[in-house]
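Comments concern the structure below.
Each reported figure results from applying straightforward, stated rules to the coordinates on display, with no laboratory input. Bear in mind that the values here come from a model prediction, so they are computed numbers and not experimental data. Glycine gets a Cβ as well: all are built from the backbone with ideal geometry, and neighbour counts include every protein chain shown.
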Amino acid sequence: MAAIPGADSRTLRTHRALASAHTRIAARDSGTISTQVAVSQIAAPTGDERERGEWFAARLRTLGLRDARIDRAGNVVATRPGIEGLAPVLVCAHLDTVFARDVQLTFRRDGDRVTGPGIGDNGRGLAAMLAIAEEIDGRLVRTRRPIVFAATTGEEGAGDLRGAKYLFSALDDEPVAAIALDGAGDERIVHKALGSRRYHIAYRGPGGHSWAAFGVPNAVHAAASAAAMLASLPLPRLPRTTLSVSRIGGGTSINSIPEEGWLEVDLRSTSASVLDRFDREIRIIVRAAAQQENARRATATPPLSHDVMVIGDRPSGELSTEHPLVLSAIEATQLIDREPELAAASTDANVPIAMGIPAIAIGAGGRGGDAHTPGEWYDNIDGPLGIARAMTILATAAELA
């Protein structure tokens with residue numbers, strides 16, 4: 001890992017210049033935790049984030065970002081003007097959670113630990129972004145570049161990064177850098193965008209009685225055959241690539257030949273070319289499984305049809321470890337006495353990275369665990385340090401005035 005650069009480092013100078021701001025953030029820490037709990041108590045299932053978005057927009061307005069608005073994708077977007085008319089820096093945190101609206105959003109506090117659904121992912125990221133927006137107020141703390149603050153929709157699961165995709169396509173000015181605040185932690189620097197393709201594969205045939213119609217092609221047999229072939233595909237270790245048959249089903253009763261059999265597949269890699277290659281492999285296997293089953297059918301019976309539907313497409317890419325944004329993040333991490341961890345993950349940062357916009361994703365301080373479960377927890381160990389780190393990275397990119 002690279003050592004901290006010398007005293008002429010812009011990140012180091014920015015960090016030192018923000019010392020008073022970091023102190024104020026630490027002094028407001030109890031309020032930040034209260035905000036974290038408050039935002040987590042507003043239900044925001046993927047695709048149904050409106051209520052939380054309206055709350056967040058109102059909070060941004062109280063901080064003096066008068067242009068806070070909700071765009072067509074449900075993102076909350078606001079700008080803190082810079083002192084010069086330069087391209088902006090964007091910081092984002094996702095609004096949505098994996099929890100359905102009927103999940104009880106109750107939270108238990110025990111000292112520095114708070115337990116409850118979504119408290120870390122992404123209650124922490126949203127609370128940290130508000131803390132930073134409060135501190136970079138355009139008076140005590142100013143930047144040369146504008147800073148766009150965005151709370152995005154559709155980051156989790158089937159949301160397929162819907163909010164980030166719309167946000168970066170609709171911005172008037174392309175950002176010079178983007179930083180996603182996602183969950184807890186103060187060491188990881190996600191600079192590799194873990195791409196994914198998700199498929200719903202269906203086979204359809206005439207079906208019939210398991211005895212009287214035996215000989216017609218069986219859609220579940222084809223689905224099972226495809227699943228077995230997909231599971232046997234050799235996958236590269238570098239770049240790391242995974243393929244999982246995650247769901248499978250079909251049929252109506254024990255004594256019926258199924259009219260439909262289906263499976264769902266999750267394919268992941270940091271390489272776009274590898275995703276393209278295995279997209280072709282998947283389609284070849286799906287067709288082969290249909291051909292095998294149709295070859296066994298009785299004479300004059302209708303063949304199976306098959307369909308491959310892409311139900312998720314998260315772009316991939318990588319920001320070089322030598323890029324100034326990554327180097328700044330490494331240094332800012334070391335400046336709070338943490339050991340930087342370079343990582344790959346699927347976050348809102350996937351979208352700008354794939355577009356060629358320098359971007360990273362980082363945690364927003366503290367420690368967390370059991371994400372995506374009702375027992376998710378956040379421990380506020382040195383929580384203000386994580387916000388200070390994020391603010392240093394952001395202010396360095398936005399050029400502290």
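Tabulated data
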| read-out | value |
| --- | --- |
| Cα→Cβ-extended label distance, 7 Å offset, between residue 102 and residue 253, nm | 2.9 nm |
| Check: the chain dipole with +1 on Lys, Arg Cβ and -1 on Asp, Glu Cβ, in debye | 300 debye |
| 37 °C / 0.692 mPa s Stokes-Einstein diffusion coefficient of segment 198-314, Kirkwood radius on C-alpha pairs, µm²/s | 223 µm²/s |
| Among 249, 271, 306 - extreme Cα towards positive end, dipole of segment 198-314, charges at beta-carbon | 271 |
| MRE, 222 nm, helices only [DSSP H, n ≥ 4, -39500 (n - 2.57), over the chain, to nearest 500] | -10500 deg cm²/dmol |
| Solvent-free Debye scattering, log10 I(q)/I(0), computed from the Cα coordinates of the chain at q = 0.13 Å⁻¹ | -1.02 |
| The chain: relative contact order as a whole-number percent, Cα under 8 Å and 6+ apart | 24 percent |
| Coil-residue trypsin sites (Lys or Arg not before Pro) of segment 230-262, DSSP, other Cβ within 10 Å capped at 13 | 237 |
| Diffusion constant of segment 83-186 at 4 °C, which comes from Stokes-Einstein with the Kirkwood Cα-pair radius and 1.567 mPa s, µm²/s | 85 µm²/s |
| Peptides ranked, highest mean first, by Cβ atoms within 10 Å: ranges 117-125, 189-197 | 117-125, 189-197 |
| Kyte-Doolittle mean at least -1.0 and Cα axial length at least 24 Å: DSSP H helices in the chain | 272-295 |
| Per DSSP, loop trypsin sites (Lys or Arg not before Pro) in segment 38-116 with at most 11 further Cβ within 10 Å | 66, 72, 101 |
| Calculated on alpha-carbon atoms, Rg and Dmax of segment 256-338 in Å | 22.6, 74 |
| DSSP bridge pairs, the chain: antiparallel proportion in percent, nearest 5 | 70 percent |
